[in-house]
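Student: Pasting in a structure now, in structure tokens, and then I'll have a few things to ask.
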Amino acid sequence: MILSAFRANFWYAFLAALTLILGAAYTLWLVKRVIFGAVANDHVEHLQDLNGREFVVLGILAVGVLALGIYPAPLLDAMRPTLDQLLQHVLVSKL
């Protein structure tokens, strides 16, 4: 994208590259503060991790997401009639 912007105008490419670099730098700074920073609030410091019930619920959700990622056919088969109707509606010319 930046190469295409460079062909159109140097300043567009410069702005796109600068935005990309600043976005990456901000993301790295944010991750450093959130994940590796010290806890500044005493209430947050005393919070407990997941209990057993929450772990089971999140585990079931994670297995469901993983299963649909590996084998999405049941979800796609359920959506197919609606998508076919939508495509027929979109492909009809309005002119």
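Student: Report, in debye and to the nearest 20, how large the dipole of the chain comes out about its Cα centre when Lys and Arg carry +1 and Asp and Glu carry -1 on their Cβ.
Tutor: The calculation lands at about 480 debye.
Student: Another one. Can you give me the distance in nm between label points at residue 62 and residue 6, each placed 7 Å from the Cα along the Cα-to-Cβ direction?
Tutor: Between residue 62 and residue 6, the simple spin-label model gives 4.2 nm.
Student: Report the full-extension gain for the segment residue 17 to residue 53: residue separation times 0.36 nm, less the Cα-Cα distance, to one decimal in nm.
Tutor: Gain on stretching residue 17 to residue 53: 8.4 nm.
Student: Ok, one more. Return the Rg/Rh value of the range 39-95, two decimal places, where both radii are evaluated on C-alpha atoms and Rh is the Kirkwood radius. The partial results should precede the final answer.
Tutor: Numbers: Rg = 21.9 Å, Rh = 15.8 Å.
My calculation of the ratio gives 1.39.
Student: Still on this model: Counting only heavy atoms of protein chains, what accessible area per residue, in Å², does the chain have with a probe of 1.4 Å?
Tutor: Values: 9190 Å² over 95 residues.
Accessible surface, normalised per residue, equals 97 Å².
Student: On the accessible surface of the range 1-61, probed at 1.4 Å, how many percent belong to carbon and sulfur atoms? Spell out each step's value before the answer.
Tutor: Details: 4190 of 5970 Å².
Of all accessible area on the range 1-61, carbon and sulfur atoms account for 70 percent.
Student: Given (i) 2, 14, 25, 26, 17, 9, 4, 2, 1, 0; (ii) 2, 9, 7, 7, 8, 9, 11, 16, 15, 8, 5, 2, 1; (iii) 2, 12, 22, 23, 18, 9, 6, 4, 3, 1, 0 as candidate values of P(r) over Cα pairs in 5 Å bins from 0, in percent, which corresponds to the one derived from the coordinates?
Tutor: Comparing each candidate, only (ii) matches the computed number.
The values are calculated or read from the model by the stated rules, or taken from the named source; none is laboratory data. Keep in mind that what you see is a predicted model, and the values were worked out from it rather than measured. Here the Cβ is made from the backbone with ideal geometry for all residues, glycine too, and neighbour counts use every protein chain on show. Please note that ligands, DNA and RNA were not included when accessible areas were found on the heavy atoms of the full protein model with its side chains. Shrake-Rupley method; radii C 1.70, N 1.55, O 1.52, S 1.80 Å.
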